[in-house]
Amino acid sequence: MAWLEVRLRASEASKELIGADLFARGAQGLQEDHPGLHFPGDSGPLVEGGSWAVPPAANPGDEVDLTAWFEDPEDPEALLAGVQGRLTELGEAGRATIRPLEDQDWGAAWKATWTAQRMTDRFWVAPSWDEPPTLAEGELLLRLDPGMA
């Protein structure tokens, strides 16, 4: 099975229309990334002082990177031309790019990115397939497997 990855940068205002267009063209999935988006808590605990608090994002921009995946498209060049045409219709200056992807065990690939995370100085969260570090006395571990969300 052959896969094709389509990447583009668009404005926040157009991302929903472009995403819908990608799915209408047969995309099997869509990823959204925000260049420069950074949560100050990424390098430390999200729970402080007994309450759950995600700090506001720093460096948010008005552009988003979209990545879509297509399973064995009949005509990759026509797909790229159609996506680029839609960007032009919406007044987007960005260019779409395509690249082939090797088929792989996608389940194993995403699991490799999920490892044990320290949430506070006493609390860890880890998926069932990962071994967290040896817990110190008083530390707690929650086994929690990520899902589709």
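The values are calculated or read from the model by the stated rules, or taken from the named source; none is laboratory data. What you are looking at is a predicted structure, and each value in this text was computed from that prediction instead of being measured. Cβ atoms come from the backbone with ideal geometry, glycine included; neighbour counts cover every protein chain shown. To get the accessible areas, we keep the full protein, side chains included, count just its heavy atoms, and leave off ligands, DNA and RNA. Shrake-Rupley method; radii C 1.70, N 1.55, O 1.52, S 1.80 Å.
Given 0.36 nm per residue, what is the gain on full extension from residue 142 to residue 62 after removing their alpha carbon distance, in nm?
Working: separation 80, 0.36 × 80 = 28.80 nm, distance 3.65 nm.
Value of the extension gain: 25.1 nm.
Remark: region 98-104, residue by residue, has Karplus-estimated 3J(HN,Hα) of 10, 7, x, 10, 6, 5, 8 Hz, where x stands for each Gly or Pro and the curve is 6.51 cos²θ - 1.76 cosθ + 1.60 at θ = phi - 60°. Each of the peptides 75-85, 95-105 was scored by the mean count of other Cβ atoms within 10 Å over its residues; in descending order, highest first, they stand as 75-85, 95-105.
Please report the carbon-and-sulfur percent of the accessible area for region 67-149; probe 1.4 Å, protein heavy atoms only, DNA, RNA and ligands left out.
Numbers: 3190 of 5820 Å².
The C+S portion of the solvent-accessible surface of region 67-149 is 55 percent.
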